[in-house]
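Report on one structure; see the data block that follows.
The values are calculated or read from the model by the stated rules, or taken from the named source; none is laboratory data. In this text the structure is predicted, and so the values were computed from the model without any measurement. Virtual Cβ from ideal backbone geometry, glycine too; neighbours counted across all protein chains shown. These accessible areas exclude ligands, DNA and RNA; they are computed on the full protein's heavy atoms, side chains included. Shrake-Rupley method; radii C 1.70, N 1.55, O 1.52, S 1.80 Å.
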Amino acid sequence: MKLTLIIAMLAALAGGCASNAGNPSSAKQGESKSSGVSDLKGARLSASTLSARKLMYKKVEGILAQGQPAKYKAYYSGQVLRIVQEQFDLGDYGGSEKQYFLDAEGRLFYYVASDERAKQSAKEHVKTRIAYDANGQVVGSEKIVNGQPGKLSTAEMKAVKSRFDALRKAANASRKPKAG
């Protein structure tokens, strides 16, 4: 799964570079595009480009104990949070990988999650994607459960923002120098 994600990110990055060839301001446009996300596909492409750049960002790692305990990695471009990755493992009961992508102003524009949950005698695989506009309104979403379309509830969408706020707070606190 991770190899597939890496290949997809590289393909999106290469496609973006090819379509911007000869345009001297293409790098700046790539940064601002995520501010004007209009649908799920556009958000996914912007997120894959941003993810390909994360090696250039400052990384902060930690554990969020609030709610479901999870490990996180936060990536900053200067003072602006751009990506948060969250992961937790429940052993035989499942696990989760979530990613939150932010625009150049630090606003959430894309969320993607891959969850595996134990359900009776089988595992349930859930893939969730949500795109937000610059005002924080949902402009696209999808939920796939075991390969079939599912319904993403309002409560689930609210939980994403709430969890993200907790992660942002924890990551920002981890960045501050310790008094000593």
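Looking for whichever is touching a residue at least 24 places away in the same chain (Cβ under 8 Å), within 25 Å of L64 (Cβ to Cβ) and either open to solvent by 80 Å² or more (accessible area, probe 1.4 Å) or of a type outside the set (S, T, Y) (or both) here; the options are A134, A159, A155, A170. Which one fits?
When all the criteria are applied, what remains is A170.
Going by the conditions given, is K151 of a type outside the set (F, W, Y) and within 21 Å of R44 (Cα to Cα)?
Here the answer is yes, as K151 does meet what is asked.
With (1) surrounded by fewer than 17 Cβ atoms within 10 Å (Cβ to Cβ); (2) under 27 Å from N172 (Cβ atoms); (3) of a type outside the set (S, T, N, Q) as the list, and G91 as the residue in question, which single condition is left unmet?
(2)
Report every pair of residues separated by at least 6 positions or lying on different chains whose Cβ atoms are under 6 Å apart, first residue within region 92-119 and over 15 Å from R163 (Cβ atoms) and at pLDDT below 90, second open to solvent by less than 20 Å² (accessible area, probe 1.4 Å) and part of a strand (DSSP E or B).
Pairs that qualify, where the first residue is over 15 Å from R163 (Cβ atoms) and at pLDDT below 90 and the partner is open to solvent by less than 20 Å² (accessible area, probe 1.4 Å) and part of a strand (DSSP E or B), are R117/G94; A118/G94.
Where residues in region 120-131 are closer than 17 Å to V160 by Cα and hydrophobic (A, V, I, L, M, F, W, C), which of them is surrounded by the most Cβ atoms within 10 Å (Cβ to Cβ)?
It comes out as A131.
Restrict the check to region 64-79 and report whether at least one residue is within 25 Å of A134 (Cα to Cα), modelled with pLDDT of 90 or more, surrounded by 11 or more Cβ atoms within 10 Å (Cβ to Cβ) and among the polar types (S, T, N, Q). Before you say what the answer is, go through the steps one by one.
If we filter region 64-79 for residues that are within 25 Å of A134 (Cα to Cα), which is where we start, we get 72-79.
Right, trim to modelled with pLDDT of 90 or more and you get 72-79.
Narrowing further to those that are surrounded by 11 or more Cβ atoms within 10 Å (Cβ to Cβ): 72-77.
Keeping just the survivors that are among the polar types (S, T, N, Q) gives 77.
Yes; the residues of region 64-79 include at least one that is within 25 Å of A134 (Cα to Cα), modelled with pLDDT of 90 or more, surrounded by 11 or more Cβ atoms within 10 Å (Cβ to Cβ) and among the polar types (S, T, N, Q).
Conditions first: (1) within 15 Å of the chain's Cα centre (by Cα); (2) open to solvent by less than 40 Å² (accessible area, probe 1.4 Å); (3) under 20 Å from A171 (Cα atoms). V60 passes all but one, so which condition is the exception?
In the conditions (1) within 15 Å of the chain's Cα centre (by Cα); (2) open to solvent by less than 40 Å² (accessible area, probe 1.4 Å); (3) under 20 Å from A171 (Cα atoms), V60 misses (1) alone.
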